[in-house]
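Bear in mind these aren't lab numbers, they're just calculated from the coordinates by the rules spelled out. Here the structure is a predicted model, which means the values were calculated and not measured.
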Amino acid sequence: MNLSYENSFEIQGGNFKKAGDISVQIKKVLQNLGVPRAILRRVAIAVYESEINIISYANKGIIHIQVSPETVSIEAEDEGPGIENIELAMRAGYSTATDKIREMGFGAGMGIPNIINCSDTFNITSEVNKGTHLTMIIQLTNNQEEKN
């Protein structure tokens, strides 16, 4: 595969009307580039969950995606409250979502676990009262497509 794509997408915190728009845009671009379906699914989930976390918790954020012949690299960075306990936040089912967020169908505590499951490489850093930064890498080579 000879792939190349790079773009950044700004996200406004609290704008649930736009939830999922970026993951749909990225999925369409990758489909047009011929990325295998299993990889598309993993990228779409990782971007969607990152997007929802920014919308739910941060003032604003950005998702940057870079596609090379070997990998899809995704970075999600936000300006928000940060995560006090990253280890706890990575546990399936743990959530700090408000009742309002839960009423909209979000906040089940599966965002970060889903991102981890879809990524071949995952890193998270966060600073309280500053924000959170996620790095996700999904391999396009060495037959990682069937991870999920």
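The count of lysine pairs in segment 12-119 with alpha-carbon distances below 18 Å, taking only pairs 8 or more places apart or on different chains, stands at 6. Per-residue Karplus couplings for segment 81-98, computed as 6.51 cos²θ - 1.76 cosθ + 1.60 with θ equal to phi - 60°, are listed in order as x, x, 10, 5, 10, 4, 4, 5, 5, 7, 7, 4, x, 7, 8, 10, 5, 6 Hz, Gly and Pro entered as x.
Multiplying the residue separation of V128 and A108 by 0.36 nm and subtracting their alpha-carbon distance yields 5.0 nm.
Under 5 Å between amide hydrogens, built in the peptide plane, is the criterion, and for S68 it picks out S73 among residues at least 5 positions away or on other chains.
If the chain linking S68 and L88 were pulled fully straight, counting 0.36 nm for each residue of separation and taking away their Cα-Cα distance, it would gain 3.9 nm. Distant-in-sequence amide contacts of A97, defined by a placed amide H-H separation under 5 Å and a gap of 5 or more residues or a different chain, comprise nothing. Counting pairs of alpha carbon atoms under 8 Å apart in space and at least six apart in sequence, what relative contact order in percent does segment 5-147 give? Rounded, it is 27 percent for segment 5-147.
Applying the Karplus relation 6.51 cos²θ - 1.76 cosθ + 1.60 with θ = phi - 60° to segment 119-125 yields 3J(HN,Hα) values of 9, 7, 10, 9, 9, 9, 10 Hz, where x marks Gly and Pro.
Pairwise inverse Cα distances across segment 5-147, averaged and inverted, put the Kirkwood hydrodynamic radius at 15.1 Å.
Using a Gaussian network for the chain with springs between C-alpha atoms less than 10 Å apart, which of these wobbles most: E87, E79, E51? Ranking E87, E79, E51 by mean-square fluctuation puts E87 first.
Here the Karplus curve 6.51 cos²θ - 1.76 cosθ + 1.60, taken at θ = phi - 60°, turns the phi angles of segment 37-49 into couplings of 4, 4, 6, 3, 4, 5, 5, 4, 5, 4, 5, 4, 5 Hz, with x standing for Gly and Pro.
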